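Following this message is one structure expressed as structure tokens.
The values are calculated or read from the model by the stated rules, or taken from the named source; none is laboratory data. Note that the structure is a prediction, hence the values are computed from the model and not measured. When we count neighbours, we look across all protein chains shown, and the Cβ atoms used for this are built from the backbone with ideal geometry, even at glycine.
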Amino acid sequence: MMQLSCIIWLAITSAVSAAGRVRDVNTQRNQVTIVTNKAGEFAMGAKVFFYRSGKAKGSAQITQAFHTKAIARMNEGNPQVGDDVSLTAKAPKAGPKINRVSFAVAGAQSHEFIAEVQFEGQPKQQRKLVLNSEVAAQLAGATGFVGISATLIKKLDIVWQNGALLVKKVHLSDRSTFDLEQIVSADLYAKIKPPAELRSQSVNGSVTLLKKVRDQPDLADAMGVTVKVLAGSERLKPGSTYKLKVYCNELFAAELVLKGDGLAKTEKLALNPVDLAPGENSLEVRLVEVTEQADLFLETDNNQLIGVLATERLSSDRNTQVSVILADGQNAQVIQQK
């Protein structure tokens, strides 16, 4: 997958030698999902080592490598979420972890911008646009999405063609440009259109982000997952605690904690498009019983497959919605909403 040179990295104090950290451990698959401290950190087949507070906790081999994530097959040991990952059999230096950051305010999932829109031969207009703080973009010639910090986007070259908006190129504030296959932004496609009398023609245009208005705590674009637990569900034992975990194309994507209290409940998860594929996505939903130890939720061997779903092709202009239903008895469903 192609990588962007514009992703910014920051260490709070001194740098550490850890290459990444453990995001998820799937014991059923003997698999670890790792997030990397910089793009392209791992190569296919590379051996990695896990450390917790400077102590070795096992090793694994990279089986799939993505932009800032990787899947590794465990060789030995018992890694846990949050463990350091190193490319050498040597404990990383002590110190704060390096995390990928953008110019976004910490905790902001999306931003609202004032944008200037102009189609050829037409006057300039202003629109408010809401973009994910990390916008999912498929670069020309690439197979998957990369994340572009919305605050780095200066201008988008667009064309209205065959009754639809196409985004052809992105210009960044560091003067770099990238040709695009697509960019995910429901708000962009909903609000940017030429005048009605030109919509049967092909018209070039541009969208320039003038300023950021405010930060927002929720994603503007996501694959939404609604989790419904019915009162009669036997999946959640009374008094027990569970993680409902969602994997997308084998990569860990999101989780939420559920309590076995006998009550009906509805919860929501949001999968960032950057973690998805532009085409069909294979979702796997698991329910894992956990034991609570201080601030940790330690997974047990009670790991139930709730269901799998091959979603339709991801759309750039609307958010895909999925429902996970834990129904009466042991019944469960994972369905895509139309």
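When the range 190-230 is examined, which residues are found to be out of contact with any strand residue (DSSP E or B) (no Cβ under 9 Å at 6 or more places or on another chain) and part of a loop (DSSP other than H, G, I, E, B)?
Going residue by residue through the range 190-230, those that are out of contact with any strand residue (DSSP E or B) (no Cβ under 9 Å at 6 or more places or on another chain) are 190, 196-197, 200.
SER200, the sole residue that qualifies.
Just give me the residues in the range 284-315 being closer than 27 Å to PHE145 by Cβ, surrounded by 11 or more Cβ atoms within 10 Å (Cβ to Cβ) and of a type in the set (A, V, I, L, M, F, W, C), in sequence order.
VAL285, LEU305, ILE306, VAL308, LEU309, LEU314
Have a look at GLN182, GLN216, GLN125, GLN138 and point out the one that is over 16 Å from VAL274 (Cβ atoms), out of contact with any helix residue (DSSP H, G or I) (no Cβ under 6 Å at 6 or more places or on another chain) and surrounded by 14 or more Cβ atoms within 10 Å (Cβ to Cβ). Can you show your working first?
Working: GLN182 fails: over 16 Å from VAL274 (Cβ atoms); GLN125 fails: surrounded by 14 or more Cβ atoms within 10 Å (Cβ to Cβ); GLN138 fails: over 16 Å from VAL274 (Cβ atoms).
Answer to the check: GLN216.
Quick test for you: out of VAL135, VAL170, VAL203, pick the one residue that is out of contact with any Leu (no Cβ under 9 Å at 6 or more places or on another chain) and more than 15 Å from ASP221 (Cα to Cα). Before the answer, list the steps.
Numbers: VAL135 fails: more than 15 Å from ASP221 (Cα to Cα); VAL170 fails: out of contact with any Leu (no Cβ under 9 Å at 6 or more places or on another chain).
Result of the check over VAL135, VAL170, VAL203: VAL203.
Kindly indicate whether GLY147 is in contact (Cβ under 8 Å) with a residue 12 or more places away in the chain and touching a strand residue (DSSP E or B) at 6+ places or on another chain (Cβ under 6 Å).
yes
A follow-up question, please. Can you pull out every residue in the range 41-62 that is surrounded by 14 or more Cβ atoms within 10 Å (Cβ to Cβ) and under 18 Å from GLY144 (Cα atoms)?
GLU41, PHE42
For residues that are under 17 Å from the mean Cα position of the chain (by Cα) and β-branched (Val, Ile, Thr), scanning just the range 207-238, find the one that is farthest from LYS265 (Cα to Cα).
Step one: of the range 207-238, the residues under 17 Å from the mean Cα position of the chain (by Cα) are 216-226.
Checking which are β-branched (Val, Ile, Thr) leaves us with 225-226.
Details: VAL225: 14, THR226: 10 Å.
Here the residue is VAL225.
Here are VAL207, VAL229, VAL203: which of them is hydrophobic (A, V, I, L, M, F, W, C) and outside the structural domain of SER173 (by TED's automatic domain parsing)?
Numbers: VAL207 fails: outside the structural domain of SER173 (by TED's automatic domain parsing); VAL203 fails: outside the structural domain of SER173 (by TED's automatic domain parsing).
Exactly one residue qualifies, and that residue is VAL229.
Tell me the residue from ALA327, ALA277, ALA332 that is in contact (Cβ under 8 Å) with a residue 12 or more places away in the chain, more than 16 Å from the chain's Cα centre (by Cα) and surrounded by 17 or more Cβ atoms within 10 Å (Cβ to Cβ), please.
Values: ALA327 fails: surrounded by 17 or more Cβ atoms within 10 Å (Cβ to Cβ); ALA277 fails: more than 16 Å from the chain's Cα centre (by Cα).
Checking each option against the conditions leaves just ALA332.
Next question, about the same structure. One residue is enough: does the range 242-251 have a residue meeting the conditions closer than 19 Å to VAL308 by Cα and polar (S, T, N, Q)?
The initial filter retains those residues of the range 242-251 that are closer than 19 Å to VAL308 by Cα, namely 242-251.
Going one step further and asking which of them are polar (S, T, N, Q), we end up with 249.
Yes - at least one qualifying residue is present in the range 242-251.
Applying the selection to the range 218-246, what residues are closer than 30 Å to ALA186 by Cβ and in contact with a Ser or Thr (Cβ under 8 Å, 6 or more places away or on another chain)? Break it down into steps so the answer makes sense when it comes.
Narrowing the range 218-246 to residues closer than 30 Å to ALA186 by Cβ: 218-229, 243-246.
Within the range 218-246, ASP218, LEU219, ALA220, ASP221, MET223, GLY224, VAL225, THR226, VAL227, LYS228, VAL229 meet the criteria.
Under 8 Å by Cβ, and 6 or more places apart or on different chains, what pairs join a residue from the range 72-88 that is assigned by TED's automatic domain parsing to the domain that holds GLN61 with one that is outside any strand (DSSP E or B) and β-branched (Val, Ile, Thr)?
What qualifies is ASP84/VAL16.
Same structure again: So which residues in the range 54-87 are modelled with pLDDT of 90 or more and among the hydroxyl-bearing types (Ser, Thr, Tyr)?
Once the filter is applied, which keeps residues that are modelled with pLDDT of 90 or more and among the hydroxyl-bearing types (Ser, Thr, Tyr), the range 54-87 yields SER59, THR63, SER86.
Of all residues being in a strand (DSSP E or B) and free of Cβ contacts under 8 Å to residues at least 40 places away in the same chain in the range 257-274, which is farthest from ASN78 (Cα to Cα)? Just the residue, please. So that I can check it myself, show each step before the final result.
Start the filter on the range 257-274 by keeping residues that are in a strand (DSSP E or B), which leaves 257-259, 265-271.
Next, from what is left, pick out any that are free of Cβ contacts under 8 Å to residues at least 40 places away in the same chain: 258-259, 265.
Details: LEU258: 24, LYS259: 26, LYS265: 33 Å.
Among those residues, the one meeting the criterion is LYS265.
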